[in-house]
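We did not get these values from a lab; they are worked out from the coordinates using the rules stated. Please read all numbers here as calculations on a predicted model, not as lab measurements. Cβ placement follows ideal geometry from the backbone for every residue including glycine, while neighbour counts extend to all protein chains displayed.
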């Protein structure tokens, strides 16, 4: 139903020629504008985002008959949301990394992963991007894992393009349970389905991705040679992560799924490396152009020199000893990331004595967006809840990362090893401004993309696309993940994709005789492979590896993986709706 009056507007799914199909085709124009400009014309991401936003406004006003003032107000709410909390989270994540770099402690962290990964840069990259990235996704989400792990891979000496592609692909399997499984919690709240039921089905889909993603990462990093040399380790990491993901989501706590899975995957790798050694590690470093640290160079030189002079060997041993990781240096290198776990764990889970999550939530300021909140109503004439902007000044992951970074800077300034690790709290705070300046274009992209998403959502364009796809009957089980893929590709958030389409998935399932939990789970799982082509994430990755303006290059590197993994999920979802794989459902 569509209603447009002077005071109120209710979006419709079929305003173009009274046809859902034609309305959906027209609604796709802003998305096509963005991806064509980005991938074909090769404009910068913020330019593509601006033109796509303009296209969404024109489609919303002239095709979907949304009043121009409301369309512009929708864009402003999306832009503000893009700036805070989304961009705030990303900036703080990159800033926390910069604090470790300024202090010099990041070099020690590289050595820690060098030890864990048996000196193989490919396995180090897999553990950082997949396991450590999964842990960050569980705690923060919203771009933080991509921002932090991309900079870490760059610091390992990996080529920027490969580093960006690897972290984007790695940031798939954990996303469904990201930010304490908020996508699933959101879907349950909108549909009235039990979150545990949705999580159980997601836990029987996402682990398939978790099993194969580490193998894909090896291929991205070092081609077939990387797969041939290191596939056993990648399989162990992926399978252990997937197993823990399935067990935790089905039998323990779905909110803690990614935390448990990430730690299990990392622990399995440590144990496996005790009985297995990768092949071709030195050659891989040379192929990838990844620099050795001082200790590695010295070790390599003394190993290959064979009959070299005793003096050269003594010098190498002396330099290696000076750079040797001590327990204290190891702990301080890992300290920021353990602190992230502690801070986010308290903020999200602590309820002993004091309910910290409830207290933080109570500090949120809910602001009905001026004019828009009263004017945009649903079919029952009630204001749409999404027009209320939540200013999460304290509870947002960005502010929690700020608190973490300040504590880290203070600790590092006190334990600087006689000036070996120079940093002050004042210099760390100044780095915030420098980080904001470096990320200005990526930030503009994020803001324009979120503005685009809000215009498409509020005018009815996104729901029109979803309704059109839902008209395919039982075959909708195959297309169900596509909706989540589209929603996450546009908004950069699996949570937002569920907010857009979870209710539609439930309704379509009831009409087609398909388990609604399966379709809502399919929406959630499909969203995870849409995230790696999200303009928001592309901009974050490009900024983190110093490839601003090269988002189109990164997109071409990862879009094939996104589509291939989507087809895998579509096939799995369809087969789970039939007797062939119906036994997989709880």
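Across region 32-162, how large is the tail of the calculated P(r) beyond 18 Å, expressed as a percent of all Cα pairs? Don't skip to the answer; put the middle values down first.
Values: 5710 of 8515 pairs.
Considering region 32-162, 67 percent of its Cα-Cα pairs are separated by more than 18 Å.
Between residue 28 and residue 510, what is the spin-label point distance in nm, taking each point 7 Å from the Cα along the Cα→C-beta axis?
Computed distance between label sites residue 28 and residue 510 equals 2.9 nm.
Provide Rg over Rh for the chain; use the alpha carbon set for both Rg and the Kirkwood Rh (inverse mean inverse pair distance). Mind showing how you got there, number by number?
Working: Rg = 24.3 Å, Rh = 24.5 Å.
So for the chain, dividing Rg by the Kirkwood Rh gives 0.99.
How much length is gained if the chain between residue 253 and residue 54 is pulled fully straight, taking 0.36 nm per residue apart and subtracting their Cα-Cα distance, in nm to one decimal?
Working: separation 199, 0.36 × 199 = 71.64 nm, distance 4.31 nm.
Extra length from residue 253 to residue 54 when fully extended: 67.3 nm.
Taking the 0 to 90 degree range and rounding to the nearest ten, how far is the long axis of helix 476-491 tilted relative to the main principal axis of the chain, both from C-alpha atoms?
The angle comes out near 70 degrees.
What's the center-to-center distance, using Cα atoms, between region 92-146 and region 425-504 in Å?
25
Please find the FRET efficiency linking residue 331 to residue 365, where r is the Cβ-Cβ separation and R0 is fixed at 30 Å, and quote it to the nearest 0.05.
Values: r = 38 Å, r/R0 = 1.28.
Using R0 = 30 Å, I get an efficiency of 0.20.
What is the order of 113, 219, fewest Cβ neighbours within 10 Å to most? Don't skip to the end; give the middle numbers.
Numbers: 113 20, 219 17.
Final ranking by Cβ density, sparse to dense: 219, 113.
Does anyone have the angle between helix 494-512 and the longest principal axis of the chain? Alpha-carbon axes, 0 to 90°, nearest 10?
50
Hey, with R₀ at 56 Å, roughly what FRET efficiency would residue 385 and residue 275 work out to, going by the Cβ-Cβ distance, to 0.05? Present the calculation step by step, with values, prior to reporting the outcome.
Working: r = 54 Å, r/R0 = 0.97.
It comes to 0.55.
Rounded to a whole number, what is D in µm²/s for region 401-476 from Stokes-Einstein with the Kirkwood radius over alpha-carbon pairs (20 °C, 1.002 mPa s)? Please list the in-between numbers first.
On the way: Rh = 16.7 Å.
The Stokes-Einstein estimate is 128 µm²/s.
Find how much the distance from residue 414 to residue 564 grows on full extension, using 0.36 nm per residue of separation minus their present alpha carbon separation; answer in nm with one decimal. Display every interim value, and only then the final one.
On the way: separation 150, 0.36 × 150 = 54.00 nm, distance 4.96 nm.
Between residue 414 and residue 564, full extension yields 49.0 nm more.
Among 452, 469, rank each residue by its count of other Cβ atoms within 10 Å, from fewest to most, as a rough exposure measure. Each step should come with its number before you reach the end.
Working: 452 32, 469 20.
Arranged by neighbour count, lowest to highest, 452, 469 become 469, 452.
With everything on Cα atoms, drop me the angle between helix 257-272 and the longest principal axis of the chain, reported from 0 to 90° to the nearest 10.
Roughly 30 degrees between the two axes.
Once every DSSP H run of n ≥ 4 in the chain is given -39500 (n - 2.57) and the sum is divided by its residues, what mean residue ellipticity at 222 nm do you get, rounded to the nearest 500 deg cm²/dmol?
Values: 29 runs with 410 residues, N = 586.
Only helices count here, giving -22500 deg cm²/dmol.
Which FRET efficiency, nearest 0.05, do residue 324 and residue 41 yield, Cβ-Cβ r, R0 41 Å?
Working: r = 52 Å, r/R0 = 1.27.
Efficiency at R0 = 41 Å is approximately 0.20.
How much length is gained on full extension from residue 575 to residue 282, taking 0.36 nm per residue of separation minus their Cα-Cα distance? Working shown, then result.
On the way: separation 293, 0.36 × 293 = 105.48 nm, distance 4.39 nm.
Roughly 101.1 nm would be gained on extension.
Test of understanding: ordering 90, 408, 429 by Cβ neighbours within 10 Å, fewest first, what list do you get?
Placing the least packed residue first, the sequence is 429, 408, 90.
Taking the DSSP beta bridges in the chain as the whole, what percent of them are antiparallel, to the nearest 5?
90
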